[in-house]
Amino acid sequence: MRAVGSSLSRVDAQDKVTGAALYPGDIERPGTVWLKTLFAGRVHARVRSIDTRVAEAAPGVLGVFTAADVPFNGNGLNVVDQPVLCGPGAPGGVPDADRVRWPGDQVAVVVAETEAQAAAALSLIQVEWEDLPMVVDVEAARRPEAPLLHPSIGSNILLEYHIRRGDVAAGFALADVIVEHSYRTGAQEHAYLQPEAGVATIDALGRVVVEVAGQWAHKDRQQIAAALALPEEQVVVRYPAIGGAFGGREDMSVQIVLALAAWRLEQQGKLAGRTVKTIWSRKESIVGHHKRHPMLAHAKWGATRDGHLVAQQIDFSLDGGAYAYTSTKVLGNALLASLGPYQCQHQWVDGRAVYTNNVPGGAFRGFGGPQGHFIAEMQINKLAEALDMDPVELRLRNCWHEGSIQATRSVVPPGVTIDPVLRRLASEIPPTGADSPSLTINHSPLTINHSPFPIPHSPSFRTSLDASAPARLRGTGVACCFKNVGFSLGFRDICHATVELYGAGEIQRAVVRHAAAEVGQGAHTVIAQVAAETLGLALEQIDLIVQDTAETGNSGSVSASRMTFMAGNAVKGAAEAALARWQDEERPAIAHFEYVPRATTPYDHDTGAGDPNVTYGYCAQAAEVEVDPDTGHVRVLSVVSVNDVGTAINPQQVEGQIEGAIAQAVGWTTHENFVQQEGRVLTDQLSTYLIPTVVDVAQIKPVILEYPDPQGPLGARGMAEMPFIPTAAAIVAALHDATGIWFDEIPLTPERVWRGLKSRAG
């Protein structure tokens with residue numbers, strides 16, 4: 001059996017289903033001491049002073065640490081703008097480190113013998129505050145008179161990009177139809193299985209060892225070392241089992257404060273080989289880590305009568321919240337995504353990320369793609385309606401092909417497959433009449449009407465109030481997307497792997513060293529399959545050493561749909577090199593390989609010109625929804641998702657990624673209403689922030705296409721984000737088909753839909 005292309009069992013499956021796998025919060029060691037964090041609880045304020053004396057004297061307390069204990073009080077994945085602990089007295093760090101900018105800022109940590117003692121001591125810390133003016137609206141934050149969150153930067157606009165291609169005024173003059181609308185998308189909570197947790201200690205070599213859940217172990221190490229002013233080799237980061245990430249574990253949460261506490265206690269002679277442990281509550285997790293960026297946008301598109309795009313003009317703002325996190329990269333992705341995978345000679349986009357006193361916006365599955373494509377796909381669907389044209393046909397008349405020129409004036413990366421992806425979607429939704437397209441979902445055709453019609457009621461687990469069996473309205477809609485694979489915009493993307501071959505006459509086992517984080521996506525299984533395929537071995541002959549900075553080279557982040565693409569190429573290269581040495585009689589044969597994809601370039605800030613991405617993945621979807629007109633409740637019934645994955649290394653895992661992405665996207669679109677008021681999170685529990693349950697998940701039909709990517713390992717593309725991206729626009733199009741109303745803001749809460757229906761009725 002070939003390793004690649006087979007749905008082999010995951011290498012971590014048995015440990016996870018039997019409970020043998022240890023997640024960070026599961027780690028228990030003799031003499032463990034507990035760390036608790038004092039969060040700011042203030043929206044915007046200056047810390048005038050912190051008095052920790054009473055807390056330090058409390059029962060069981062080993063230490064209380066503040067900004068004054070942090071050698072370099074600053075961190076940030078792309079922009080170093082966030083204090084480790086907010087307050088005065090740090091020897092060095094970011095400007096204005098005595099400010100808190102959202103309630104989730106960390107002010108102090110307490111370490112005590114028990115969790116209860118640490119929690120009790122937190123209440124004894126006395127903080128003197130000076131409240132500052134707040135700004136929680138992105139439009140208000142852009143005004144000259146707005147309070148500055150980071151005075152040293154001099155503006156609340158973190159970054160702004162512009163695309164200027166062609167002459168949009170001339171383009172609109174050619175248009176027979178113009179659609180112009182505003183859009184708004186909400187924040188989204190990652191809601192991974194285990195909240196932030198971890199342990200830290202000092203090992204026999206004097207190294208600070210931190211075991212946490214993360215997505216980029218070497219970047220975690222870099223930031224910990226910088227904050228503690230230590231050489232990187234004095235810090236070790238290890239990842240135990242990780243209960244989901246979705247981008248939410250890319251930035252710092254507990255990593256630095258755990259390391260700080262263990263390091264300072266060791267200096268004070270109080271650690272003595274013990275381990276410092278922390279676990280955030282779900283409320284602390286929801287308040288204390290970043291979210292998907294909310295977006296506000298205005299778009300104007302024009303097309304000719306025969307369905308050819310002639311002008312695209314877009315202006316949008318991302319709410320970056322209190323700190324930069326990954327806003328610069330999310331903005332870069334959203335900028336290009338807002339135009340969709342469509343050819344057009346006249347394109348004008350203004351996009352920006354803005355500081356506010358809200359929860360920071362950061363990495364989340366899709367990384368700006370869902371927000372940008374929501375604009376593009378809503379606009380193309382509205383143009384199809386205005387032109388009385390099939391929405392798939394309109395896309396086919398305008399979509400990229402091999403050699404197409406992007407808005408950045410560079411050629412679309414090779415392996416362009418949006419056309420066959422759309423055509424396959426069309427085959428999954430064949431027309432039933434001359435003028436009436438329909439969806440065939442699970443072989444049950446549903447004819448689309450552009451007027452509401454009653455559907456016989458079927459039982460539901462949602463409510464017991466349906467005794468009267470009211471009529472439901474049904475509709476269908478489509479959307480598509482592209483998404484960059486790997487880092488972009490000039491970032492030098494690298495991925496290291498080492499392969500060691502052992503045996504006598506024949507290779508008996510191979511050891512693969514790689515830092516890829518396994519966050520539930522099956523990365524370790526894919527790595528093992530690529531190694532087995534390249535070496536001609538069985539999966540059982542592959543031993544993995546992973547997720548440990550002391551044992552592996554830098555593999556980059558588990559994000560940007562990059563790990564299969566990058567790790568696959570790195571492991572394949574190392575395996576081929578090791579195999580060549582084995583054939584030259586080296587025993588053991590050991591080879592290291594650094595994979596570096598082709599270079600990209602950043603946008604020109606004024607024109608958007610550049611070559612921003614290495615390669616793309618493509619997806620197209622059709623959604624079927626049902627809406628209760630009396631309550632506004634929207635239920636997503638079915639989603640067909642067509643995905644070009646290049647080569648499906650493990651088809652079962654690919655299907656799982658598609659299903660998981662769509663379930664999460666349905667949540668963002670219909671359920672997950674993240675509410676902030678005056679900078680404070682009101683939906684800070686899973687009882688108030690509602691994620692989809694098993695009865696809310698649509699029936700999903702994954703369709704896997706395999707057009708080998710010319711740059712991918714064995715032809716594979718990244719694909720984990722792509723099935724998330726078009727879902728929202730497909731659902732909204734389906735809701736419009738059911739009701740005749742366009743809803744330009746998500747999530748589609750029952751109240752929002754009900755009010756829309758009522759306003760239309762009269």
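Being free of Cβ contacts under 8 Å to residues at least 24 places away in the same chain and touching a Leu at 6+ places or on another chain (Cβ under 9 Å) narrows it down to one residue among GLY171, GLY154; which is it?
Working: GLY171 fails: free of Cβ contacts under 8 Å to residues at least 24 places away in the same chain.
Only one candidate passes the filter, namely GLY154.
Within the stretch 562-572, take every residue that is closer than 11 Å to LEU714 by Cα and not aromatic (Phe, Trp, Tyr) and give me the one that is farthest from the chain's Cα centre (by Cα). Working first, answer last.
So the first thing to find is which residues in the stretch 562-572 are closer than 11 Å to LEU714 by Cα, and the list is 564-565, 568-569, 572.
Pick out the ones that are also not aromatic (Phe, Trp, Tyr) and you get 564, 568-569, 572.
Values: THR564: 16, GLY568: 21, ASN569: 23, LYS572: 27 Å.
Among them, the one singled out is LYS572.
Taking the criterion of being surrounded by 24 or more Cβ atoms within 10 Å (Cβ to Cβ), touching a Ser or Thr at 6+ places or on another chain (Cβ under 9 Å) and among the aromatic types (Phe, Trp, Tyr), would at least one residue in the stretch 563-575 satisfy it?
The answer is yes; a qualifying residue exists.
When the stretch 13-24 is examined, which residues are found to be in contact (Cβ under 8 Å) with a residue 24 or more places away in the chain and either in contact with a helix residue (DSSP H, G or I) (Cβ under 6 Å, 6 or more places away or on another chain) or farther than 17 Å from GLN547 by Cα (or both)?
Once the filter is applied, which keeps residues that are in contact (Cβ under 8 Å) with a residue 24 or more places away in the chain and either in contact with a helix residue (DSSP H, G or I) (Cβ under 6 Å, 6 or more places away or on another chain) or farther than 17 Å from GLN547 by Cα (or both), the stretch 13-24 yields only ALA21.
Taking the criterion of being modelled with pLDDT of 95 or more, part of a loop (DSSP other than H, G, I, E, B) and over 30 Å from VAL100 (Cα atoms), would at least one residue in the stretch 659-678 satisfy it?
No.
Does VAL349 satisfy being in contact with a strand residue (DSSP E or B) (Cβ under 8 Å, 6 or more places away or on another chain), within 17 Å of ALA609 (Cβ to Cβ) and among the β-branched types (Val, Ile, Thr)?
So VAL349 passes the test.
Within the stretch 394-430, can you find the residues that are exposed (fewer than 15 other Cβ atoms within 10 Å of the Cβ) and β-branched (Val, Ile, Thr)?
Within the stretch 394-430, ILE405, VAL411 qualify.
Of everything in the stretch 638-682, what is among the hydroxyl-bearing types (Ser, Thr, Tyr) and more than 21 Å from the chain's Cα centre (by Cα)? Give them in sequence order. Outline the logic, then answer.
Here is the first cut: in the stretch 638-682, the residues among the hydroxyl-bearing types (Ser, Thr, Tyr) are 638, 641, 647, 669-670.
Listed by number, the residues that qualify are SER638, THR647.
Restricting attention to the stretch 561-615, which residues are within 30 Å of ILE658 (Cα to Cα) and assigned to a strand (DSSP E or B)?
Correct list: GLU594, TYR595, THR615.
So which residues in the stretch 616-631 are part of a strand (DSSP E or B) and among the polar types (S, T, N, Q), if there are any at all?
Within the stretch 616-631, just GLN621 meets the criteria.
How about the stretch 200-307: which strands (runs of 3 or more DSSP E) wholly inside it have at least 1 residues that are under 18 Å from VAL84 (Cα atoms) and not charged (D, E, K, R)? Talk me through it step by step, then tell me what you get.
Numbers: elements: 208-212, 235-238, 276-279, 295-303.
Strands (runs of 3 or more DSSP E) meeting the threshold: 208-212, 235-238, 276-279.
Taking the stretch 35-59 only, how many residues are surrounded by fewer than 21 Cβ atoms within 10 Å (Cβ to Cβ) and touching a Ser or Thr at 6+ places or on another chain (Cβ under 6 Å)?
Total meeting the criteria: 0.
Please determine, by comparing only the residues of the stretch 476-505 that are farther than 29 Å from VAL416 by Cα and at pLDDT 95 or above, which one is surrounded by the most Cβ atoms within 10 Å (Cβ to Cβ).
Step by step, filter the stretch 476-505, then rank; the result is VAL499.
Scan the stretch 706-727 and give yes if some residue there is among the small types (Gly, Ala, Ser), modelled with pLDDT under 95 and over 27 Å from the mean Cα position of the chain (by Cα), otherwise no.
The answer is no, given that none of the residues of the stretch 706-727 is among the small types (Gly, Ala, Ser), modelled with pLDDT under 95 and over 27 Å from the mean Cα position of the chain (by Cα).
Output the residues belonging to the stretch 616-638 that are out of contact with any Phe, Trp or Tyr (no Cβ under 6 Å at 6 or more places or on another chain) and surrounded by fewer than 24 Cβ atoms within 10 Å (Cβ to Cβ).
Scanning the stretch 616-638 gives GLU626, ASP628, PRO629, ASP630, THR631, HIS633, ARG635, LEU637, SER638.
When the stretch 192-208 is examined, which residues are found to be surrounded by fewer than 21 Cβ atoms within 10 Å (Cβ to Cβ) and either in contact with a Phe, Trp or Tyr (Cβ under 6 Å, 6 or more places away or on another chain) or touching a residue at least 24 places away in the same chain (Cβ under 8 Å) (or both)?
TYR192, LEU193, GLN194, ASP203, GLY206, ARG207
Looking at this structure, is ARG184 of a type in the set (Lys, Arg), closer than 29 Å to LEU339 by Cβ and outside any strand (DSSP E or B)?
no
Given the conditions (1) outside any strand (DSSP E or B); (2) surrounded by 23 or more Cβ atoms within 10 Å (Cβ to Cβ), report the number of the one that GLN312 does not fulfil.
Among (1) outside any strand (DSSP E or B); (2) surrounded by 23 or more Cβ atoms within 10 Å (Cβ to Cβ), the lone unmet condition for GLN312 is (1).
Among the residues of the stretch 315-324 satisfying the criterion of being out of contact with any Leu (no Cβ under 6 Å at 6 or more places or on another chain) and not in a strand (DSSP E or B), which is farthest from SER561 (Cα to Cα)?
Per the stated criteria, the residue is ALA322.
Which of the residues that make up the stretch 719-746 are surrounded by fewer than 24 Cβ atoms within 10 Å (Cβ to Cβ) and assigned to a loop (DSSP other than H, G, I, E, B)?
GLY740, ILE741, TRP742, PHE743, ASP744
Looking at the stretch 686-703 only, could you name the residues that are in contact with a Ser or Thr (Cβ under 9 Å, 6 or more places away or on another chain), of a type in the set (A, V, I, L, M, F, W, C) and surrounded by fewer than 16 Cβ atoms within 10 Å (Cβ to Cβ)?
VAL695
Mind listing whichever residues of the stretch 668-694 are in contact with a strand residue (DSSP E or B) (Cβ under 9 Å, 6 or more places away or on another chain), β-branched (Val, Ile, Thr) and free of Cβ contacts under 8 Å to residues at least 40 places away in the same chain?
VAL675
State which residue pairs qualify: first residue under 19 Å from ASP26 (Cα atoms) and in contact (Cβ under 8 Å) with a residue 12 or more places away in the chain and inside the stretch 254-281, second residue among the aliphatic types (A, V, I, L, M) and surrounded by fewer than 19 Cβ atoms within 10 Å (Cβ to Cβ) in any location, beta carbons under 8 Å apart, and separation of 6 or more residues or different chains.
Note: pairs meeting the criteria are THR275/ILE27; LYS277/ILE27.
Residues to consider are ILE405, ILE375, ILE418, ILE380; find the one that is among the aliphatic types (A, V, I, L, M), modelled with pLDDT of 95 or more and more than 20 Å from ALA623 (Cα to Cα).
Values: ILE375 fails: more than 20 Å from ALA623 (Cα to Cα); ILE418 fails: more than 20 Å from ALA623 (Cα to Cα); ILE380 fails: more than 20 Å from ALA623 (Cα to Cα).
Within the list ILE405, ILE375, ILE418, ILE380, the selection yields ILE405.
What is the number of the single condition among (1) assigned to a helix (DSSP H, G or I); (2) within 15 Å of PRO370 (Cα to Cα); (3) in contact (Cβ under 8 Å) with a residue 60 or more places away in the chain that GLY656 does not meet?
Among (1) assigned to a helix (DSSP H, G or I); (2) within 15 Å of PRO370 (Cα to Cα); (3) in contact (Cβ under 8 Å) with a residue 60 or more places away in the chain, the lone unmet condition for GLY656 is (2).
Look through the stretch 522-548, keep the residues that are of a type in the set (S, T, N, Q) and over 23 Å from the mean Cα position of the chain (by Cα), and return whichever of them is nearest to ALA716 (Cα to Cα).
Step one: of the stretch 522-548, the residues of a type in the set (S, T, N, Q) are 525, 529, 534, 541, 547.
Checking which are over 23 Å from the mean Cα position of the chain (by Cα) leaves us with 529, 534, 541.
On the way: GLN529: 12, THR534: 14, GLN541: 23 Å.
That would be GLN529.
For the condition within 30 Å of GLY25 (Cα to Cα) and at pLDDT 95 or above, what is the one hit in ALA226, ALA175? Step through it out loud before you land on a result.
Details: ALA175 fails: within 30 Å of GLY25 (Cα to Cα).
Result: ALA226 is the single residue among ALA226, ALA175 that is within 30 Å of GLY25 (Cα to Cα) and at pLDDT 95 or above.
The values are calculated or read from the model by the stated rules, or taken from the named source; none is laboratory data. The structure displayed is predicted, hence computed values, not measured ones. All Cβ positions, glycine included, derive from the backbone under ideal geometry; neighbour counts span all protein chains shown.
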